[in-house]
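The numbers here are math on the coordinates, done by the rules we state, and not lab data. Small disclaimer: the values here were computed from a predicted structure and weren't measured. Cβ coordinates were reconstructed from backbone atoms using ideal geometry, including for glycine residues, and neighbour counts include every protein chain displayed.
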Amino acid sequence: MERKLATVLFVDLVDSTGLVVGSDPEVVRRRVTEFFETVSHCVAVHGGIVEKFAGDAVLAAFGVQRAHEDDAQRAARAALAMRLAVTDLGLQARIGIEAGELLVDDAESTFVTGEAVNTAARLQQVAAPGEILLGPTAHRLAAAGLVVEDAGPLELKGLDGPSRAWRLVDAVDGPGRPLGPRAALVGRDAELELLENTFSRVTRDGRAHLFTIYGEPGVGKSRLAREFLDGLERASVLTGRCLPYGEGVTYWPLAEMIKAAAGISDDDPLEEAFEKLRACCEEETVADVLGLASGMLEALEGERSPQEIAWAARDIMETLADVQPLVLFFEDIHWAEEPLLDLIEHVADWVRAPLLILCLARAELLDARPGWGGGRVRSTAIELEALSEDESLLLVEKLLEQVPTPPALPREMLARTEGNPLFVEETIRMLVESGDDGRADRIPDTLQALIAARIDYLSTPAKTLLQRGAVIGRVFWQGAVAHLSPDLEDVDVLLDDLLMREFLLREPRSSISGETAYRFKHLLIREVAYTGLAKLARAQHHARFAEWLGERTGEELLEIRAYHLDQAVDLMTELDGAPPQELAETTASALVKAAKRAIAREAYPTARKLGTRALELRPTLGARWVAARAAWRMQDLATVEVEMPKVRNEARNQGEPVIEALALTALSEAVLKRDGDPTRAEEIVDEALELLSGQDDPVAHFDTLSAAATIDAWQGNMDGWIRHMEKAFEIAVDADRKDLQTIAATSLARSHVIRLELDEAERLLTRALELSGESGSVRARVGTTLSYGGFLMVKGELDAAETVFEEVRTTAVELGLGSSEAAALHRLGKLARVRDDHKRAERLLRETVSITVARGDRAILPEYQAALAQTLVDVGKLEEAERLALEARANVVRQDPQGVSVTTAALGAVRAAQGRRDEATELLRTALELAQDANLRVLELAPLKLLAGVMHDQGLEEEAAEYEERLAELSPSEDAARVA
C-alpha cells in the first residue's frame, strides 16, 4: 500500500430517474452508457483513471497510479470538458472535486480511500445541475490556472462544520497567475549574461542557436527565461508550452507560436484563422502544412509527415527572423513528443537567420533524448543549481519584506527550502494564506504534488528504494537500505540511478565505518518520499533499520536506534491502539540507555524526553530514575519533589542503595530551595550519606557531599561548607573527574569571595576555569562562570562581569537551567543599577523574580525580591518597594543568615527613602550584625554604605565617618557595596 496526494472527482448524472420514467429500457441503457463513456474519455484524456461506477455516478482519481504536479488542474480541466460533452448529449451532471492524501493498494490499483473521496462525493451532492465545486485543497493546488467563484461555506453531510468551496467557471491558458509573492531574480547574473551574449551572437551572425536550460522543478528556469525575455529590445518572441496530457498535443507549442505570429485568437472561426495564417506565410504549401499541425485543417489529418511539418516550421521561422531577430521559447520540453523534438533540432540546424531557440527542460529529457543538442556547434546547455546560502537568504528576505514574521523565520525557511526559489515562494504563500504565525514546518500541497510527481517518474524499484532510504533519514547508508530491501536486486545500480537523477548525493564521509553514505539532495524530497509510504510499512522499516543499526554498530549509534524503534512504536500504536509487547520492551530499554548517554554528555532536555518516553512504554526503575535525574540536573525541583520519592521507594524495594541515596540527595535540594527547610534537608542528606557508606560510587558520594555543603552554606555554617566541599574535591581528584573538580573548586572559591578573601578566591577560580575547559562540561562551566562573574563584580571589573553573565544567561537558556538563568539576570540587574540604568535594572530584576516564582524556588526568591525593592527605591516607586521588601523579609528562611541580612538591609533602604530614619538605622544595623556574626563580610558592605547615608541625613557626621571608614577597609572596589 502507498499514501499519495491525489485528486478525486465525483460526477453524477442529473435526474436519472426522469430519464428512466416512460422510456424504453434499451434507450435508457444507451443514454447512460453514452454518459459513462463520455465521462471516462474525458478522465482518460487528462491522465486520470476511473475508480468505479456507482449507480449513475462515476468516481475518478488523478495521481493515483502515477502522480503529476498538476493532478488537481487535470481534474478541473477534465470536469470542464465533461460538462461540455455531457451537455452536448442533452444531459446534465453535478461534479465535486477535492484533493488530499489517499491510500492506494499498489501502483496498478484503482481502489482508493481517504477523506478527499468523501468530501468530493459530498460536494457533488450539493452542486447544482451543471455546477462544478472544488474543495479547499483542490482549489489551493489548481487555482492558479482556473477561473473560480467563491461558493461560500457549505454544510456537507458527515463533515464537521461548514466547508469552504469554490465554483469552477473556466480554465486559463498558460501557467496561470501567481497567487503569492513573486521571487526577485537572485543569484543568476552569470546565466543571464550568458543568455544575453548568446542572443547578441545570434543577431550578429544571423544563424540559429539552440539554448537549453536544465534544472530541477522550482529552481528558477522560467524566472530566468522571463527576466531575459523581458529585457530584449528589437526582437520578436513566440512562446509555446509542451503539455503532459491531452489529445492532439504533439505540436501544441508550435501551434501556439503560429497563432501568435499570425494574430489568430482562439475564438476566430476556422476559415478566418486559416486566412490569417496564409497571409503570414510566403508559400501556400507552408500554410497548409502548418494549418494541419495547428489543428486548423483537421480534414487533412495524417496527410502530412513530421518531416514536412518540420520543413514548414523552418520556413516560417526563417521568414519571421529575417524581418526581426526572433526567439522561440519552448517551455517544459521534457514533456515533448519525438516529432516536436525532431522539429526543434531541424529548425536549429537549418535556419539561416537570427533565431534563438530557448528551451526549458528537466533532466528527464535526457532519458528520452540522450543526445539532445549534442554535436552542434551552435548549441548551449546549462544547468541551474540551487542558490547559495547567501543568495537564498537574500531571496527570502525580499519576499518577506511585506509579510510580518518572527525574526528567526528567514533562517528556518532557508533550512527547509535549501536554495530552491519556488520552494521559497510556495512556503511563503502558504504562510500568508493560512496565517500560520511563522510556522514553516508543513510542506505546501503544491510542493508535495511537484516532488511526488518527480518521484513517481522513477522506476518502481528505484522509487521503493528511495522511500526506504527516507525512513532512515536525510542521510542513509547503502548497507542499511539493502537490509530493508531484500526484495530488490542491484541496489547499487538503483542508487547510482538516483544519484544520476539528482535525488541523492554521495556523502564524502560516513559516520559508519565501511558504509557508503547517501544524502537526499533536498530535505523536502526526503519528506515527500517518506509521506508516500503506508504507516504499516514505515513502522516495519523503522524497526528493521534499528535492528540493522544494532547489529552493525552495537551501542555506537544508540540514540538513533532508539529513535527509530520509538517511531515504530508510535506508528503501531496509531494503527492498532498499542504496539506489540516485545517491541515496546525493546524500545523502552533502548530509550533508557540513550537517556543515560545523554546525561553523560549533559544533554539533559534530551535525556529527560527519552526517559519520560521510556517510562510511558514500560514503567521501570531505570526509566523513572533517568527521567527524574535529568529533571534534577535541569534544576526542575518541582518534578524532583514529585518523582524522586517514587524513585527512592522503588530503589529501596529493588535493593539499589546508590539510586536511593541519590534520590534522597535530590530531594534534599528540593526541600532546601522550594520548602525553605534546611533542617529537614540536612536530615535527608545525612540519610543519603549513611546509605552510601561502603558503596563504591564516587559520583554519588560527590553529589551528596556537595548537597551537604550547600545546606551548610545556606545556614551560614562556613566550617561545614568547607569541610564537605574539600572532601568532595578529594573524591573528584581520586576519580579523575575534572568536571567534579571544577564544581568543588568553584564552591570553595565562593566561600572565600563571601569572606572577601579575594586572592585565594581568584586562585581557586582560575584553577576551576582551567579544569572546566579541560573537562568539556557545560554544566560545570555555567556554575564556574557565574561565580567568576560575581568575583569580578566585587573587584569592580564591571564590564568583564557583564560579559560573563550574558554568556551564562545564553547557555542557561539553551540548556533549560532556569535557576542559573535567574541568577545571571539578577547580577545583570545589579550591574545596571550601579550604572544608573534604572529602567534596564528594573526590567531584568522583574524577569528574575518572575522566573523564580514560576519555578517555585522559595528559598532564593526573597533575595531577588530584595534586589528589585532597592531598584524600585531608586526610581521612586516606594509603595511597591515597601510591599516587596516586607514580603521578602516575611518569607525568608530564618536559618539563612545571608537571606535574612539581605532582606533586612533592603527594608532598611526602603525605610530610609521614606524618611523613617530610626527604623532604617535599626534594620541596617541588624543586617550588619547578621553578616558579621556569620562571617559574611561581603554582605557588610551594603548596610555600611546605607548606614553612612542615613547618618549624614541626620547630621551625625562622626557616626557616618565610622561607617565609611569601616566600608573603606572592607571594600575591594568603589562599587562593591552596590553590587554585593
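The figures follow:
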item: Segment 635-725: C-alpha gyration tensor shape, a/c 1.5 cut-off, then a/b vs b/c; result: oblate
item: Selection from H542, V43, Y563 lying farthest towards where the dipole of the chain points positive, charges on Cβ; result: Y563
item: Cα centroid separation, segment 591-660 to segment 92-160 (Å); result: 50 Å
item: Centroid-to-centroid separation of segment 238-279 and segment 765-832 [C-alpha atoms, Å]; result: 74 Å
item: Relative contact order of the chain, pairs being alpha-carbon contacts under 8 Å that are 6 or more residues apart, as %; result: 6 percent
item: Chain lengthening between E726 and D918 when straightened (0.36 nm per residue, less Cα-Cα); result: 64.7 nm
item: For the chain, with +1 on Lys and Arg beta carbons and -1 on Asp and Glu, the positive-most of A313, A127, L366 along the dipole; result: A127
item: Separation of the S265 and D933 label points, Cα + 7 Å toward Cβ, nm; result: 10.1 nm
item: Helix 957-970 axis, angle to the chain major axis (alpha carbon atoms, nearest 10°); result: 60 degrees
item: Helix 221-230 axis, angle to the chain major axis (alpha carbon atoms, nearest 10°); result: 70 degrees
item: Segment 894-943: proportion of alpha-carbon pairs further apart than 18 angstrom, %; result: 23 percent
item: Segment 2-171: radius of gyration and largest Cα-Cα distance (Dmax), Å; result: 15.2, 47
item: Calculated FRET efficiency for the pair R506/E391, C-beta based, R₀ 35 Å, to 0.05; result: 0.90
item: Shape of segment 770-918, Cα gyration tensor, a/c cut at 1.5; result: prolate
item: Two-site label geometry, R601 and D105: point separation in nm, points 7 Å out along Cα→Cβ; result: 4.7 nm
item: Cα-projected label distance for S850 with D490, points at 7 Å along beta-carbon direction, nm; result: 6.4 nm
item: Förster-model FRET efficiency, 30 Å R0, E547 and D736, C-beta, rounded to 0.05; result: 0.20
item: Segment R763-D799, length gained on full extension (0.36 nm per residue, minus Cα span); result: 10.9 nm
item: Angle in degrees between helix 25-45 and the longest Cα principal axis of the chain, rounded to the nearest 10; result: 60 degrees
item: Residues of segment 309-341 with amide N under 18 Å of the 7 Å Cα→Cβ point at D349; result: 309-318, 337-341
item: Two-site FRET efficiency, D675 against R883, from Cβ-Cβ distance with R₀ of 25 Å, rounded to 0.05; result: 0.60
